[in-house]
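Okay, structure first, notes after.
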């Protein structure tokens with residue numbers, strides 16, 4: 001399946017700055033390509049899932065660096 005954003009997620013992302021929205025999209029595309037490449041090379045699915053999860057954590061961390069917590 002190609003990288004995509006669900007309707008629900010699009011609605012949630014509308015209130016975020018553009019630079020914050022770009023990070024997860026780049027991650028989605030990159031991780032999708034990496035997953036397909038690793039599976040095509042014959043890697044075990046557990047190895048592929050672990051590698052993708054580790055890289056995904058980096059994108060989550062990068063997104064968190066742009067968002068400042070609001071103290072209510």
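One line per residue, one yes/no per condition, for (1) without any contact (Cβ under 8 Å) to a residue 40 or more places away in the chain; (2) more than 13 Å from the chain's Cα centre (by Cα); (3) surrounded by 11 or more Cβ atoms within 10 Å (Cβ to Cβ):
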{"residue": "8", "(1), (2), (3)": "yes, yes, no"}
{"residue": "14", "(1), (2), (3)": "yes, yes, no"}
{"residue": "27", "(1), (2), (3)": "yes, no, yes"}
{"residue": "33", "(1), (2), (3)": "yes, no, yes"}
{"residue": "36", "(1), (2), (3)": "yes, yes, yes"}
{"residue": "41", "(1), (2), (3)": "yes, yes, no"}
{"residue": "59", "(1), (2), (3)": "yes, no, yes"}
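Residue 52 passes every criterion in (1) exposed (fewer than 10 other Cβ atoms within 10 Å of the Cβ); (2) touching a residue at least 12 places away in the same chain (Cβ under 8 Å) apart from (1).
Laboratory data are not the source of any read-out in this text; all were calculated from the coordinates shown. What you see is a predicted model; the values in this text were computed from it and never measured. In this analysis, Cβ positions are derived from the backbone assuming ideal geometry, glycine residues included, and neighbour counts consider all displayed protein chains.
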